[in-house]
């Protein structure tokens, strides 16, 4: 009797589950398995040569390094934007809130062209390029790791700073929209109680607010990082696409496809896929640990 009542709680559960699994298999599992099957036809030496050549390693460094940096910056400023939108009323709040979703609605190619037009030397923000180049030059003079300053690039558009701007632009909504529901549920009375007990503002932020926001912040960071890692449309116009310097991994995959090197392209795609899966798994484990630690 109990099993019948349990089954009747969700009518059509078996059909819905079967449809869901079939849909995910067609949309997700089949394309991913095709990449692995295509790569499995390569010998180990050919696979290593395809995924570990100097040009490919340079593309990995650009994609992973700048994506991580953009996601970290978005995590910091996205928290501030979400806090302001939730906690403070101000004129034009709805407009600002709608602008946060602009990268979602804007085609990536349009975003790339717009950012290039703005940050190019003859664009609206072209005056920033000499300031940026001078700042990088000064960093190279006194930083013991001057190669890092050189790695940043001396231009904005058509160089690594342009990639960083594009990835920051497309990743910000993921952090803001992930944090907003948590902040809306976080009652201001908790902060007032903390202040009543004599806690400073920094102690309230560190011991009351941040523990509640940490899981959502990690999730937003992971989503922004994953989105930036696979971004192509908004980056390809502003990156400069110089091999060994400002070439991203998705562009390198497209280049190999245009050269009919399908196995090389799928090999690089498999490496990116496995890397993304491992990173997301680690971030999920970190989220689980954060929730458990907070409960304790």
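General remarks:
- Sorted by Cβ neighbour density within 10 Å, fewest at the top, the residues 276, 67, 25: 25, 276, 67
- Taking other Cβ atoms within 10 Å as a rough exposure proxy, 187, 49, 247 sort from fewest to most as 187, 49, 247.
- Look at 274, 208, 236, 176 and count the other Cβ atoms within 10 Å of each Cβ; fewest to most, that gives 274, 208, 236, 176.
- Overall Cα dimensions of the stretch 1-118, principal axis frame, Å, largest first: 63, 57, 25
- Mean Cβ neighbour count within 10 Å, used as a protection proxy, ranking 27-38, 77-88 highest first: 77-88, 27-38
Rule-based calculations on the coordinates, nothing more; no lab input. Bear in mind that the values here come from a model prediction, so they are computed numbers and not experimental data. Here the Cβ is made from the backbone with ideal geometry for all residues, glycine too, and neighbour counts use every protein chain on show.
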